[in-house]
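K.L.:
The following block contains the structure, expressed as structure tokens.
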Amino acid sequence: MIVWINGAFSAGKTSAARELIDLIPNSTFYDPERIGGELRNLLPQKRLAEVTDYQDLPIWRRLVVDTAAALLAEVGGMLVVPMTLLRQEYRDEIFGGLAARRIAVCHVLLSADETILRGRIAAREELVDDPEGSERVRQWAYEHIEPYRAALSWLAADAHVIDTSALTPAQTAVQIADAVRTGAAGSCEIVQTPEPTAETVAAGVLLFDEADRVLLVDPTYKPGWEFPGGVVESGEAPARAGMREVREEIGIELVDVPRLLVVDWEPPRPPAFGGLRLIFDGGTLDSAAAGRLVLPGSELRGWRFVTEEEAAGLLPPNRYERLRWALRARERSAVLNLEAGVPVG
């Protein structure tokens, strides 16, 4: 299990985490910030120059998950992780990756009044011998107060909140330990999708509204939007798998078997195995049917009908290319064969 301590910079995460490992038997302190520091030595400067924060590097998010899993396999017990995550899609990717490895995450948010945060930031002295460096650290922390405030709406709904405005790190640690022990801070309800061990076949279903916009859903366990669908189970027909996923994910029962639009071969790109991705036309949902749409809170947090142009800003590039060609196939009443999102044959 992991106790993930989130919050604004200077909320007291690291100090509380170090106190917490003395209160929870067989617990280990794990700071993902160290991974970010090492990436500065491993990655080419050209790649590092493309981002302003190491959290924007996919390799960092992947290594955070892989290192946590390796640590737990090595030492067992519980990991205590003080790490700010203010972008919901990064929280989804990391927590979803941990859930896929059957690692439960207890998400705790340390909250403090903005005046308290600013006072703590002003008093920080990490770089005593480098006043300019200390000022850069303080300025960076100040700049992240607004993103923290913007993230509070989903953070407060997702995590167990502890107000640290009047607490010492030791008092904060006691409250976290009590919340974990009593279950007040329960495991995050992130869907646990097992990591694939070989190529997979997945079926997605496009559903349209009366304005011919396509339905997208927002998964809680991975970044980016998606169409309803999922992995085809052993012995299951792909079109039937798509119908099952639509029923399970959004509560819509498709009467007719959907028509195939696209077969896309996704090449293996480690650590992913790739496989076949099939897109089906599920038809049009009238306003009454759309009104019956229901989301499972642990798997999907939102849905919307979008135009093709709007989808470009929501879907990851490979899914958008798949959608784009599926829409062309629908217009032509054809089936298109793709390789890595590009038509062939």
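K.L.:
Could you give the spread of the C-alpha atoms of the range 3-130 along their three principal axes, from largest to smallest, in whole angstroms?
P.N.:
43, 40, 29
K.L.:
Relative to the longest principal axis of the chain, what angle (0 to 90°, nearest 10) does the C-alpha long axis of helix 114-123 take?
P.N.:
60
K.L.:
Where nothing but the Cβ of Lys and Arg (+1) and of Asp and Glu (-1) is charged, how large is the charge dipole of the range 194-345 around its Cα centre, in debye to the nearest 20?
P.N.:
Using Cβ point charges on Lys, Arg, Asp and Glu, the range 194-345 gives about 140 debye.
K.L.:
Rounded to whole Å and sorted largest first, list the principal axis extents of the Cα atoms in the range 156-309.
P.N.:
60, 40, 30
K.L.:
Additional query: Charges on Cβ only, +1 for Lys and Arg, -1 for Asp and Glu, centred on the Cα centroid of the chain; of ALA49, LEU254, ALA173, which one is farthest towards the dipole's positive end?
P.N.:
Highest projection toward the positive end goes to LEU254.
K.L.:
Moving on. Please list, in chain and number order, the residues 5+ apart from MET78 or on another chain whose amide H is under 5 Å from its amide H, with Hs placed from the backbone.
P.N.:
Under 5 Å from the amide H of MET78 lie the amide H atoms of SER27, THR28, each far enough along the sequence or on another chain.
K.L.:
So what's the angle, to the nearest 10 degrees on a 0 to 90 scale, between helix 131-143 and the longest Cα principal axis of the chain?
P.N.:
Between the helix axis and the principal axis of the chain, the angle is about 50 degrees.
K.L.:
At 1.4 Å probe radius, can you tell me the per residue accessible area of the range 1-155 in Å²?
P.N.:
Accessible surface, normalised per residue, equals 49 Å².
K.L.:
Can you pull the semi-axes for the range 162-242, root of five times each eigenvalue of the Cα gyration tensor, sorted largest first, whole Å?
P.N.:
Computed over the range 162-242, the values are 42, 19, 10 Å.
K.L.:
Now for a different question. Run the dipole for the chain about the Cα centre, Lys and Arg Cβ at +1, Asp and Glu Cβ at -1, nothing else charged, and hand back the magnitude in debye, nearest 20.
P.N.:
Dipole size: approximately 300 debye.
K.L.:
Could I ask something else about it? Using the Karplus curve 6.51 cos²θ - 1.76 cosθ + 1.60 with θ = phi - 60°, work out ³J(HN,Hα) for each residue of the range 251-259 in order, rounded to whole Hz, and write x for Gly and Pro.
P.N.:
Taking θ as phi minus 60°, the curve returns x, 9, 9, 7, 7, 9, 5, x, 8 Hz for the range 251-259.
K.L.:
Relative contact order for the range 211-313: what is it in percent, counting Cα pairs under 8 Å that are at least 6 residues apart?
P.N.:
Contact order relative to length: 35 percent.
K.L.:
Work out how far the C-alpha atoms of the chain reach from end to end along every principal axis, then list the three figures in whole Å, largest first.
P.N.:
The Cα atoms of the chain stretch 68, 47, 40 Å along the principal axes, largest first.
K.L.:
What's the percent breakdown of Cα-Cα distances in the range 242-330 across 5 Å bins, shortest bin first?
P.N.:
For the range 242-330, the pair-distance distribution reads 3, 11, 17, 22, 26, 16, 4, 1, 0.
K.L.:
Evaluate the relative contact order of the chain (contact order divided by residue number), counting alpha-carbon pairs under 8 angstrom at least 6 apart; express in whole percent.
P.N.:
In percent, rounded to a whole number, it is 17.
K.L.:
Taking the Cα atoms only, what angle lies between the long axis of helix 317-332 and the longest principal axis of the chain, rounded to 10 degrees?
P.N.:
It works out to around 20 degrees.
The values are calculated or read from the model by the stated rules, or taken from the named source; none is laboratory data. Please read all numbers here as calculations on a predicted model, not as lab measurements. Counting neighbours? That spans all protein chains shown, and the Cβs are built from the backbone with ideal geometry, glycine included. These area figures cover heavy atoms from the full protein model, side chains too; ligands, DNA and RNA do not enter into them. Shrake-Rupley method; radii C 1.70, N 1.55, O 1.52, S 1.80 Å.
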